[in-house]
Amino acid sequence: MNSSVPNEKEKTPQTTTGQAPMVLPSDSQPATNPPPASDSDSSKGGGAPQQSGQYVVGVPPQQGEIPTWSTGLFECFDDLPTLVITAFAPCVTYGQIAEMIDRGQQTCFVYAALYAGIMYLTGCGCLLSAYYRIKMTQIYNLPNDPIINILVHLICEPCALCQEYRELQAHGFNMQLGVGWRNQSPEIQQSGGVMVPPTVPGGMSR
């Protein structure tokens with residue numbers, strides 16, 4: 001008796017031994033791959049670009065400002081008159097620097113006499129000048145390492161004083177001998193040589 005139901009063996013495709021059976025795609029699940037995303041599609045989205053440990057192209061990394069002196073320690077020969085005075089009479093250069101750092105609390109003559117007296121009695125005038133170098137680094141945001149600042153004055157006192165002298169000049173002070181704090185400009189006396197960003201109307205600053 002012939003049956004109208006086809007034999008199930010005829011439906012299944014014959015496979016050879018060791019090969020995976022071939023799966024025919026059905027009508028409900030078409031075997032199509034999704035189209036790759038184009039650059040225009042990614043640019044339309046409002047999301048931020050992904051970063052995988054890399055900086056964004058065209059945007060420099062944010063770096064903090066590193067405090068530095070305006071001139072080097074051994075640039076003493078750029079100002080020969082100050083170098084000669086400091087080499088033979090360091091108390092004079094120290095007196096000028098201390099007067100500006102202390103904003104005219106005493107005159108240059110008083111500071112110079114104090115330095116000369118300590119130098120004559122103990123030979124450690126460099127420790128007094130190193131103390132003012134540390135104060136100077138705190139006021140003007142300079143490299144503030146107390147040990148380094150003390151060693152600089154112990155090893156090379158004239159070079160350190162000349163560098164501090166030039167730094168005050170860079171901040172706008174008139175360091176000519178005899179000028180002193182009282183004869184500085186009103187802007188310098190008000191700010192003490194500290195750079196302040198200019199303000200614009202509306203409470204904004206540049």
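For the reader, a short list of remarks on this structure follows.
- On full extension, the segment bounded by ILE155 and GLN190 gains 9.1 nm, given 0.36 nm per residue less the C-alpha separation.
- Computed from the Cβ-Cβ distance with R0 of 22 Å, the FRET efficiency linking LEU177 to SER70 stands at 0.60.
- Listed residues CYS156, CYS76 arranged by accessible area, highest first, probe 1.4 Å: CYS156, CYS76
- Only protein heavy atoms count here; on that basis, with a 1.4 Å probe, ASP78 has an accessible area of about 120 Å².
- Calculated FRET value between LEU80 and GLN105, using beta carbons and R₀ = 35 Å, to 0.05: 0.70
- Per-residue extension of 0.36 nm, minus the Cα-Cα distance of ALA170 and ILE139, leaves a gain of 9.8 nm for this segment.
The values are calculated or read from the model by the stated rules, or taken from the named source; none is laboratory data. Keep in mind the model is a prediction, meaning the values are calculated, not measured. Methodologically, a virtual Cβ is constructed for each residue, glycine included, from the backbone with ideal geometry; neighbour enumeration extends over all protein chains shown. The accessibility values were calculated without ligands, DNA or RNA, using every heavy atom of the protein model including side chains. Shrake-Rupley method; radii C 1.70, N 1.55, O 1.52, S 1.80 Å.
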